[in-house]
Amino acid sequence: LILKKKQKKQNAPLPYNLSSLQIDAAKAFGMAAQQVLDTCQNLYERHKLITYPRSDNRYLPKEHHKEAAQVLAAIKNNQGQEAKKVDGANTSMKSKCWNDKKVEAHHAIIPTSKKLQSASLSQYEKNIYQLVSRHYLAQFYPEYIYNETQVEIEIAKGRFKTKAKQEVQLGFKVLMGKSELDNEEKLPALVKGQQLLCVQGELIEKQTQPPAHFTDATLLAAMTGIARFVKDPEVKKVLKETDGLGTEATRAGIIELLFRRNFLKRQGKQILATESGIALIQVLPEQVSKPDLTAVWESSLGSIAQKELSYQHFMQPLLQQLNEIIGLSKTCDSSVFKSL
């Protein structure tokens with residue numbers, strides 16, 4: 001018996017950028033990416049309850065910390081979170097989100113200090129406002145702490161592992177629905193080197209399952225984390241430093257366009273490719289159908305924005321590349337395109 005015990009800590013999640021908000025809203029409320037963006041625009045432009053929503057940043061300027069008490073008062077008034085949870089916040093705390101060096105053109109999406117005079121929000125607006133409020137409020141709650149016990153046991157020359165967790169402090173988890181510590185003993189009291197008796201063993205045969213179909217949440221996560229779908233190590237390295245396919249402002253539109261053009265369809269919460277979508281990918285040159293190309297373009301455009309690459313140095317090889325792609329496309333089966 002090998003026994004390892006370690007106390008672990010988990011910090012509160014950072015405030016939202018648009019993609020992370022869209023992912024959580026899809027999981028919690030089944031909202032499509034465009035629906036989340038439209039709702040955010042209403043909260044920002046019409047109600048003035050949240051900051052600029054098309055942000056790709058999850059950090060806040062240190063100067064904003066001075067407004068914490070006012071923002072929390074607005075959250076309480078607007079029912080962004082339960083009053084007792086707002087009252088439990090400690091505004092003297094400063095999480096890692098307050099970082100001037102990581103704030104760029106825009107900062108994270110957070111509630112404003114505006115107080116509503118009456119309940120005038122739609123259900124979707126309430127849902128999004130509550131998510132944004134919760135993640136802001138979490139910055140003023142302590143970390144989640146738990147003890148993890150890992151056990152390794154050797155049975156008939158085979159090594160088996162298991163883990164058990166005992167919560168010490170809920171911290172920000174109270175905002176996520178936890179109300180009390182879970183200290184249920186999943187393992188009996190054990191001592192390192194102790195001899196144990198194996199009462200029963202069972203071998204279960206299983207088959208590898210194909211990857212699950214995308215949902216709104218997992219598709220957005222795939223677009224922002226596109227590097228894991230790329231095999232080229234050099235491209236993968238570049239993509240890990242970028243925002244992935246599209247931008248915070250364009251991803252929802254890209255997905256909706258694919259639905260409008262009948263390349264994608266919904267089946268419950270799942271997003272499936274249509275026959276037209278599958279046919280299109282089959283006839284396109286492989287270079288075009290892989291995410292590498294678009295992602296590299298996005299990276300180059302980001303470099304231009306940061307003045308690390310000139311427009312001419314980007315366009316010259318791009319035009320040459322496009323001519324090659326057009327040449328390859330001419331060899332494709334044109335009858336398939338006519339059917340799309």
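Tabulated data for the structure shown
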read-out: Over the range 208-304 - Rg/Rh using Cα atoms and the Kirkwood inverse-distance radius; value: 0.97
read-out: For the range 11-116: relative contact order, % (alpha-carbon pairs under 8 angstrom, 6 or more apart); value: 40 percent
read-out: Mean Cβ count within 10 Å, highest first, over the residues of peptides 82-93, 140-151, 25-36; value: 25-36, 140-151, 82-93
read-out: Aspartates and glutamates whose Cα lies under 18 Å from that of residue 84, excluding same-chain neighbours fewer than 8 positions away; value: 180
read-out: Non-local Lys pairs in the range 108-192, i.e. 8 or more apart or on different chains, that have alpha carbons under 22 Å apart; value: 17
read-out: Sulfur and carbon atoms: percent of accessible area, the chain [1.4 Å]; value: 51 percent
read-out: Set of lysines with alpha-carbon distance to residue 269 below 16 Å, sequence-local pairs under 8 removed; value: 27
read-out: log10 of Debye I(q)/I(0), alpha-carbon scatterers only, for the range 147-236 at 0.11 Å⁻¹; value: -0.73
read-out: log10 of Debye I(q)/I(0), alpha-carbon scatterers only, for the range 80-141 at 0.23, 0.28 Å⁻¹; value: -1.10, -1.30
read-out: Volume per residue of the C-alpha convex hull in the range 261-329, rounded to whole Å³; value: 115 Å³
read-out: All-pairs alpha carbon distance profile, the chain, 10 Å steps from 0, percent; value: 5, 18, 24, 23, 18, 11, 3, 0
read-out: Projected area averaged over orientations for the range 99-196, convex hull of C-alpha atoms, nm²; value: 12.1 nm²
read-out: Label point at residue 99 placed 7 Å out along Cα→Cβ; residues across the range 1-40 whose backbone nitrogen lies under 15 Å; value: 11-17
read-out: Heavy-atom surface of the chain, accessible at 1.4 Å and reported per residue (Å²); value: 62 Å²
read-out: Reach of residue 231 by Cα under 20 Å, taken over lysines that are not fewer than 8 positions away in the same chain; value: 240, 290
read-out: Linear extension gain, residue 250 paired with residue 322, 0.36 nm per residue minus alpha-carbon span; value: 23.7 nm
read-out: Å³ per residue enclosed by the Cα convex hull of the range 30-110; value: 117 Å³
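The values are calculated or read from the model by the stated rules, or taken from the named source; none is laboratory data. Keep in mind that this is a model prediction, so the values were computed, not measured. Glycine also receives a Cβ, built like all others from the backbone with ideal geometry; neighbour counts cover every protein chain displayed. We work out accessible area using only protein heavy atoms, side chains counted, and drop any ligands, DNA or RNA first. Shrake-Rupley method; radii C 1.70, N 1.55, O 1.52, S 1.80 Å.
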